[in-house]
Amino acid sequence: MAEIKIEQKKPIWPWMIAGLVIVALIVIFLVFRDNGKDTAEVSAEVSTEVPESSYIIDTNEPALSGVEENNGMIAAYVNFVEDSRGRMGLDHAYTNEALLKLIEAINARANEVGYEIRADLEGVKEYAKGIKIDPYETTHADGIRKAADILTNVLEDMQLAIYPGLTAEVDELKSASASIDPEVLTLEQKEAVKNYFSKASDLLQKMN
């Protein structure tokens, strides 16, 4: 009787494992390739955004420095007025400097809020210079009063346009200006002159 040979079938699980490994390698390759593209795109976006940010910062710097300069001029006037060492003498140096600093402070505040001054501040500077030319001139009080009236009008116009809540402060400044008598020698009314500068300082500080 002939012998029947039975061949055992080769197992297929090794092929299945090999197929799974190949599929896994393909998936890993595709994932890493996509991640590489995303990283490159993000890097490109970041690199384009950096110059834009620096541009924005650069444009802000002039505005900030301008504000600091304006505030500095106002502070200089306020400090000058509050300094008790300021003496009014025959040379009228105190009043001259106070008027010039007040002009700068008013200009600074107007620039800060975008207000256009239409008064003749150059005329005020002439009054400030005039009181130092001849110490023995008896008309200095008249020049100081005229300068004070012009500056008061400027501050009142600014208050009406931008600071409606400071009416009382402007009224006090107008009263202080009116208290400077053009017919009286300046050194005989020191307190009236100093009071005017003090009221102007108070008003400027409240115009924030």
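General remarks:
- Within segment 92-131, the set of residues being in contact (Cβ under 8 Å) with a residue 40 or more places away in the chain and exposed (fewer than 15 other Cβ atoms within 10 Å of the Cβ) comprises Val113 only.
- Boolean, Asp149 is more than 18 Å from Glu97 (Cα to Cα) and at pLDDT 95 or above: no
- Number of the condition not met by Gly66 [criteria: (1) under 20 Å from Leu203 (Cβ atoms); (2) modelled with pLDDT under 80]: (1)
- Of everything listed in (1) in contact with a Gly (Cβ under 8 Å, 6 or more places away or on another chain); (2) modelled with pLDDT of 95 or more, the single unmet condition for Leu173 is (1).
- Residue among Ile162, Ile131, Ile150 that is touching a Gly at 6+ places or on another chain (Cβ under 7 Å), over 19 Å from Asp91 (Cα atoms) and of a type outside the set (D, E, K, R): Ile150
- Any hit, segment 187-204, residues being at pLDDT below 95, of a type in the set (A, V, I, L, M, F, W, C), within 21 Å of Val81 (Cα to Cα) and surrounded by fewer than 16 Cβ atoms within 10 Å (Cβ to Cβ): yes
- Any hit, segment 168-185, residues being acidic (Asp, Glu), over 18 Å from Leu102 (Cα atoms) and more than 30 Å from the chain's Cα centre (by Cα): yes
- Subset of segment 162-208 (residues that are part of a loop (DSSP other than H, G, I, E, B) and in contact (Cβ under 8 Å) with a residue 24 or more places away in the chain): Tyr163, Ile180, Asp181, Pro182, Glu183, Val184, Leu185, Gln189, Met207
The values are calculated or read from the model by the stated rules, or taken from the named source; none is laboratory data. Remember, it's a predicted structure, so these values are computed and weren't measured experimentally. Heads up, the Cβs are rebuilt from the backbone with ideal geometry, glycines too, and the neighbour counts pull from every protein chain shown.
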